[in-house]
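Okay, so here's the structure we're looking at.
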Amino acid sequence: MPSPAIAPLRVGLVDDHEVIAAAVHAALRQTRELELVASAATVDGLFARAAGRLHLVVLDLRLADGSSPANNVERLVAAGCNVIAFTSGESPYLLRAVARTPVLGIVRKSEPLHALTNALLRAAYGQPVVTAEWASTLENDPIITDARLSRQEQRMLALFADGNTAQTVADEAGIAVSTIEDYVRRIRAKYARAGRPAVTKVDLYKRAVEDGFLPAPNEQ
């Protein structure tokens, strides 16, 4: 018997420009793994139109309703959506504000079609999309506070946040998994005290890039 087809991941779009919707449609046509199921000019509109869970929402930062991009991201994440910000890059303030949220990446609307498709695929599966735009936003954020990690904590963060499991990091460092878990708890606590929460592994990845413990994409 043939194996059953795997349903594509469901994507939503929040943008009030028809040309952007067309670009996202074009990007999604490059893969069978994603399907645009709903689009709207506001987050409220998307919630009203989307039946069932959305795996990914592509969010324009500047909407006609004047809503806060950071609040929009928080609402979408609370609803169980992965979120990627889609921007023309015209407002450094908006970019910095959204970079401090659980957004998985910031992608310029001018990106080539294949780059947009790849970014959407990664984000739909919950993987961070660290573009040069996102890295530049973090580097120029004046609010970032030093978490004061020790050298060993920096090393453990770089290993763990780079996609390795606790077991892999423990094997490489020659220590117990429980010790790695203790390191991660301490690292998260230090970032929380610095006002830079690192609740998820994606958050840890962001903090590692912000602080230079992992390279930004334009440095690799």
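None of the figures in this text is laboratory data; all of them are computed from the coordinates on show. Values in this document were obtained by computation on a predicted structure and should not be read as measured data. Cβ atoms come from the backbone with ideal geometry, glycine included; neighbour counts cover every protein chain shown.
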*Calculated percent of Cα pairs over 32 Å apart (choose from (i) 18; (ii) 75; (iii) 23), label*: (iii)
*Amide H neighbours of Leu34 under 5 Å, counting only residues 5+ apart in sequence or on other chains, H built in-plane at 1.01 Å?*
Leu9
*Cα atoms only, the range 151-219: Rg and Dmax in Å?*
11.4, 34
*Estimated 222 nm signal from helices in the chain, with DSSP H stretches of n ≥ 4 weighted -39500 (n - 2.57), rounded to 500*: -13500 deg cm²/dmol
*Using a Förster distance of 22 angstrom, determine the FRET efficiency expected from the C-beta separation of Tyr125 and Arg49, and round it to 0.05.*
0.40
_Binned Cα-Cα distances of the range 1-57, short to long, each 10 Å bin given as a whole percent_ = 23, 49, 21, 6, 1
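Can you sort Tyr205, Tyr125 so the residue with the fewest Cβ neighbours within 10 Å comes first?
Values: Tyr205 22, Tyr125 14.
The order, fewest Cβ neighbours first, is Tyr125, Tyr205.
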_Whether the range 9-139 is rounded, prolate or oblate, judged on the alpha carbon gyration tensor where a/c under 1.5 counts as rounded_ = rounded
*Amide H contacts of Val83 (H built 1.01 Å from N, under 5 Å, at least 5 apart or other chain)*: Val57, Leu104
*asked:* Quick query: amide H of Val130 versus all other amide H atoms, modeled in the peptide plane; which residues come in under 5 Å with a sequence gap of 5 or more or a different chain?
replied: none
*Determine the percent antiparallel among the DSSP beta bridges restricted to the chain, to the nearest 5.*
0 percent
